[in-house]
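Peer 1: What follows is a structure written as structure tokens; I'll ask about it next.
Taken together, the values in this text are just the output of simple stated rules run on the coordinates, not laboratory data. On a predicted model such as this, the values are computed, not experimentally measured, just so you know. All Cβ positions, even for glycine, are placed from backbone atoms using ideal geometry, and neighbour counts span all protein chains on display.
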Amino acid sequence: MKIFRLLLTAFAVLRVVTDVNSAVSQSEGAIIKVRSKDGTSIAVECAGTGPSLVIVHGGLGDRSRWKPLFPLFASRFTLCAMDRRGHGASGDSRDYSLQKEAEDVAAVVNSRPAPVFLLGHSYGGVCALEAAFLTDKISKLVLYEPPLQERNHSAVASKMQSMVDAGQQEQALMTFLKEIVMISPGEIEAMKTRPSWRGLATSIQLQIRQIRALDAYHFDAQRFSTLKVPTLLLTGGKTASSDLKRAITSLLGSLPNRTLVVFQGQEHNAMDNVPQQFAEAVTNFLLGNKS
């Protein structure tokens with residue numbers, strides 16, 4: 001009997017270790033490379049099990065900004081966070097355009113087995129939305145405050161370029177967050193405490209070309225009215241940017257199959273501040289469990 005109890009105890013310990021190792025392995029990503037239409041190599045980190053959820057980061061940083069959310073999604077999805085061109089481990093090209101960014105996203109989506117879900121944040125939301133016109137493999141789309149509306153931030157872009165030329169990358173980043181995204185001082189201070197802050201400042205040069213690309217972008221409500229993909233629109237209840245607010249309003253009025261979720265008390269980075277709530281909202285929509 002004593003030997004039997006010892007065997008049961010050993011089996012229980014082994015099962016716990018196996019479960020822990022399984023959970024860890026689900027949130028540890030494997031990096032793959034996908035070739036875009038123009039030949040640019042796009043790095044993608046995938047982890048978890050289930051249908052593919054491709055995530056496109058915003059104008060700053062790279063795929064690593066989503067790492068804290070991997071454990072929240074890994075048991076329900078194969079989470080694939082991509083580095084947009086010029087960011088992280090992805091390649092780049094001399095001739096930059098928003099169209100190429102959309103082609104990058106479409107290439108990553110097409111590399112995954114169906115069904116494929118697509119989530120884009122901020123500038124990455126614009127890339128994701130445009131990619132939806134390039135592939136029919138997207139089952140559902142999630143957009144968090146994509147800056148779509150006509151605007152002109154050329155003066156801010158020029159000021160930021162002068163700062164970068166003078167070696168003031170962090171000052172250029174602060175200018176972008178304050179004058180374009182219009183993030184509150186408290187939110188900026190919270191961003192400064194995160195490990196990703198230094199990387200955001202380092203990559204601020206890329207943000208300048210993206211600002212200019214968005215200045216040339218035209219929002220066509222009639223065109224978006226033809227997009228049938230079920231779409232979840234996410235926004236922060238405290239978002240101050242009129243650009244971001246108008247974009248959500250315009251998408252609500254033009255997309256034929258859309259749902260809105262507002263993160264009360266949040267701004268442009270709810271995934272950082274309320275990750276569990278963010279993951280639940282996305283999961284409920286993608287798996288058809290709307291509440």
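Peer 1: Can you give the net charge of the other residues whose Cβ lies under 14 Å from the Cβ of Gly265, counting K and R as +1 and D and E as -1?
Peer 2: Its environment carries a net charge of -2.
Peer 1: Further question on the same structure: If I measure Cβ to Cβ between cysteines in the chain, which ones have no partner under 4.7 Å?
Peer 2: Lone cysteines by the Cβ rule: Cys127.
Peer 1: For Thr202 and Ala216, calculate 0.36 nm times their separation in residues minus their Cα-Cα distance, and state this gained length in nm to one decimal.
Peer 2: Extending this stretch completely gives an extra 2.6 nm.
Peer 1: Taking Cα atoms of the range 214-273, Rg/Rh with Kirkwood Rh, to two decimals?
Peer 2: Reported Rg/Rh (Cα atoms, Kirkwood Rh): 1.00.
Peer 1: Over the chain, with a Gaussian network built from C-alpha contacts below 10 Å, which listed residue (Ile31, Ile204, Ile55) shows the highest mean-square fluctuation?
Peer 2: Highest fluctuation of the listed residues: Ile31.
Peer 1: What percent does the relative contact order of the chain come to when contacts are Cα pairs within less than 8 Å and at least six residues apart?
Peer 2: Once divided by the residue count of the chain, the mean separation gives 16 percent.
Peer 1: Next question. Could you count how many Lys pairs in the chain have their Cα atoms under 14 Å apart, skipping same-chain pairs fewer than 8 positions apart?
Peer 2: Close lysine pairs found across the chain: 6.
Peer 1: Packing-wise, with mean Cβ within 10 Å as the measure, how do 212-221, 173-182 rank, highest first?
Peer 2: So the order, starting with the most tightly packed, is 173-182, 212-221.
Peer 1: What span do the alpha-carbon atoms of the range 51-129 cover on each of the three principal axes, reported in whole Å from largest to smallest?
Peer 2: In descending order, the Cα extents are 39, 25, 20 Å.
Peer 1: Turning to a different aspect of this structure: Counting other C-beta atoms within 10 Å, which of Arg258, Arg198, Arg84, Arg209 has the fewest, and how do the rest follow?
Peer 2: Going from sparsest to densest Cβ surroundings: Arg198, Arg209, Arg258, Arg84.
Peer 1: Let me ask something else about it. For the range 78-218, build the convex hull from the C-alpha positions and give me its volume per residue in Å³.
Peer 2: Convex hull volume per residue, Cα atoms: 125 Å³.
Peer 1: Further, regarding this structure: Kindly put Trp197, Trp66 in sequence by how many other C-beta atoms sit within 10 Å of each C-beta, fewest to most.
Peer 2: Ascending Cβ contact count within 10 Å gives the list Trp197, Trp66.
Peer 1: Classify the range 248-291 from the C-alpha gyration tensor, please: rounded if a/c falls under 1.5, else prolate or oblate depending on whether a/b exceeds b/c.
Peer 2: In terms of gyration-tensor shape, oblate.
Peer 1: Further question on the same structure: For the range 200-248, taking Cα atoms only, what is the radius of gyration to one decimal and the Dmax to the nearest whole Å?
Peer 2: Just the Cα atoms of the range 200-248 yield Rg and Dmax of 14.2, 39 Å.
Peer 1: Please give the direction-averaged projected area of the C-alpha convex hull for the chain, in square nanometres with one decimal.
Peer 2: That works out to 17.6 nm².
Peer 1: Quote the Stokes-Einstein diffusion coefficient, in whole µm² s⁻¹, for the range 163-226, based on the Kirkwood radius over alpha carbon pairs, a temperature of 37 °C and a viscosity of 0.692 mPa s.
Peer 2: Taking Rh from Cα pairs, D becomes 245 µm²/s.
Peer 1: Can you tell me the convex hull volume per residue for the range 138-248, based on C-alpha atoms, in Å³ to the nearest whole number?
Peer 2: 122 Å³
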